[in-house]
1. Go through region 246-269 and give me each residue that's under 60 Å from the mean Cα position of the chain (by Cα) and among the hydrophobic types (A, V, I, L, M, F, W, C).
2. Looking at (1) at pLDDT 90 or above; (2) surrounded by 11 or more Cβ atoms within 10 Å (Cβ to Cβ); (3) not assigned by TED's automatic domain parsing to the domain that holds P73, can you tell me which one I167 breaks?
3. If we scan region 311-318, do we find a residue that is closer than 22 Å to A266 by Cα and out of contact with any Phe, Trp or Tyr (no Cβ under 8 Å at 6 or more places or on another chain)?
4. Determine, yes or no, whether A30 is under 22 Å from W184 (Cβ atoms), assigned by TED's automatic domain parsing to the domain that holds R121 and surrounded by 12 or more Cβ atoms within 10 Å (Cβ to Cβ).
5. Do we find that V306 is modelled with pLDDT under 75, crowded, with 18+ Cβ neighbours inside 10 Å, among the aliphatic types (A, V, I, L, M) and farther than 19 Å from A400 by Cα in this structure?
6. Which one is modelled with the highest pLDDT, of the residues in region 387-416 that are closer than 16 Å to H341 by Cβ and touching a helix residue (DSSP H, G or I) at 6+ places or on another chain (Cβ under 8 Å)?
Amino acid sequence: MTETAEWSRPKPGPTAFRFDIGLAILLAFAATTTSLLYQRTGLYEDPAEPWVWAVGLGLCTLPLALRRRYPVPVALVVTAGFYVCGEHGVPEVLIVNICLFVALYTVGAWERNRALAFWSRLGIGVGMLVWLVLSLIIASSEEDAFPDFSRSGIFSAYATFAVIQIITNVLYFGGAFYFGERSWRAARTQAQLEAQGRELELERQTSAAQAVALDRIAIARELHDVVAHHVSVMGIQAAAARRSLDRDPVRAAAALEVVEESAHSAVTELRRLVRTLRTPEAEDSSTTVGIAQLSSLLSESQSAGVPVTLIVAGEPRPLPLLVDVALYRVVQEALTNVRKHAGRGASAEVRLRFERDSVEVEVTDDGVRMTLEPQSRDRPGLGLRGMRERVGAVGGTVQAERRERGGFMVRARVPLGETGGAEA
């Protein structure tokens, strides 16, 4: 009774309308033919006038052309035609019953107002049964009606005939109701499945787009971490080589050697990244960077002219792979920023703290910088944003700010749980 608010069957299209027109014409032709055949058998002693035939059979058949567009009005008209045929002796009982069944079925299957569909079918069914019962009662008092049927006793032949007629009509109207409701529910279920399919497809497309966006962010972050670090080292050493080329060739050669090593490292990491993107399953986990490689990272920074001290607090323990990589990248980016923005003569300190339920890395410097990165404080650069994205992906936080006594501090903290998350 409340299904209208949940789902409304769409109106039939031109193909369904053409089918209904063809069905109505076919039933009209069949009803006319069977009426002539019934009249020929002589079962009807006093058949109706031809115009009554035309009215009764026309009301039963032709309105079915509009049955799916106007289900309830068509059912009422067909019911009126059925009554005309039965009450006025039109010699037809087969096709008109089919027409009434189709009309009632259509109300159940196509009427969008479910309350109207229910009450209209109930009203028509009850009305037709009342008409049947009254007709049987009237016929029981007429001696010339069913003269071969005995009327004496409760279980007389006529009483049995009346019960059979009532049961048959109850099954008839019940069948029309059941199959109409079943068609409506099947159409609703199909529409729901199609809607769910569309939602799933839209969700799949959205998920795919999000995955692509996340991959692009990850690639951009990885490229920034790799390129910015090595290029900054190469830039500083190239500048040192240029300044000392004439007066200190040995020092210039050493600086150029660092440039060569940094270029080689950058190319190696870029190749590894490309290989991972092409065939992720082929990635060798042993080549993944992590805090175990901090010493080489600090050596590169010292070679670039920035003294770095590493302090490890707590008991070192294995870390989850993603946490290990994230912390390494934080230190790498922070040291890159020190070289780029802290100024000459600046030194850095890296503190790695292993606590019971977390791990923390802190990079500080004593240089003088005016901004967090080349961008303004309101729009931090790609490096700090990449740090926050990478650490945030493993449930950690990043804090970046100036120190009161001068210099800058970057601190990343990742919770691990009591077990340290090594099994992850």
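The values are calculated or read from the model by the stated rules, or taken from the named source; none is laboratory data. Given the structure is predicted, the values throughout are model-derived calculations rather than measurements. Cβ placement follows ideal geometry from the backbone for every residue including glycine, while neighbour counts extend to all protein chains displayed.
1. Applying the first criterion (under 60 Å from the mean Cα position of the chain (by Cα)) to region 246-269 yields 254-269.
Across region 246-269, the qualifying residues are A254, A255, L256, V258, V259, A263, A266, V267.
2. (2)
3. If we filter region 311-318 for residues that are closer than 22 Å to A266 by Cα, which is where we start, we get none.
So far as region 311-318 goes, no, none of its residues is closer than 22 Å to A266 by Cα and out of contact with any Phe, Trp or Tyr (no Cβ under 8 Å at 6 or more places or on another chain).
4. On the way: under 22 Å from W184 (Cβ atoms): no; assigned by TED's automatic domain parsing to the domain that holds R121: yes; surrounded by 12 or more Cβ atoms within 10 Å (Cβ to Cβ): yes.
No, not satisfied.
5. Values: modelled with pLDDT under 75: no; crowded, with 18+ Cβ neighbours inside 10 Å: yes; among the aliphatic types (A, V, I, L, M): yes; farther than 19 Å from A400 by Cα: yes.
Considered against the rule, which asks whether it is modelled with pLDDT under 75, crowded, with 18+ Cβ neighbours inside 10 Å, among the aliphatic types (A, V, I, L, M) and farther than 19 Å from A400 by Cα, V306 comes out as no.
6. Taking region 387-416 and keeping what is closer than 16 Å to H341 by Cβ, we get 387, 400-403, 406-410.
Among the residues that remain, those that are also touching a helix residue (DSSP H, G or I) at 6+ places or on another chain (Cβ under 8 Å) are: 387, 400, 408, 410.
Values: M387: 82, A400: 89, F408: 89, V410: 92.
Among those that are closer than 16 Å to H341 by Cβ and touching a helix residue (DSSP H, G or I) at 6+ places or on another chain (Cβ under 8 Å), it is V410.
Listed here are the residues, each with its yes/no results for (1) within 50 Å of the chain's Cα centre (by Cα); (2) at positive phi.
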residue	(1), (2)
F29	no, no
T41	no, no
L62	yes, no
Y70	yes, no
V78	yes, no
Y83	no, no
G86	no, no
G89	no, yes
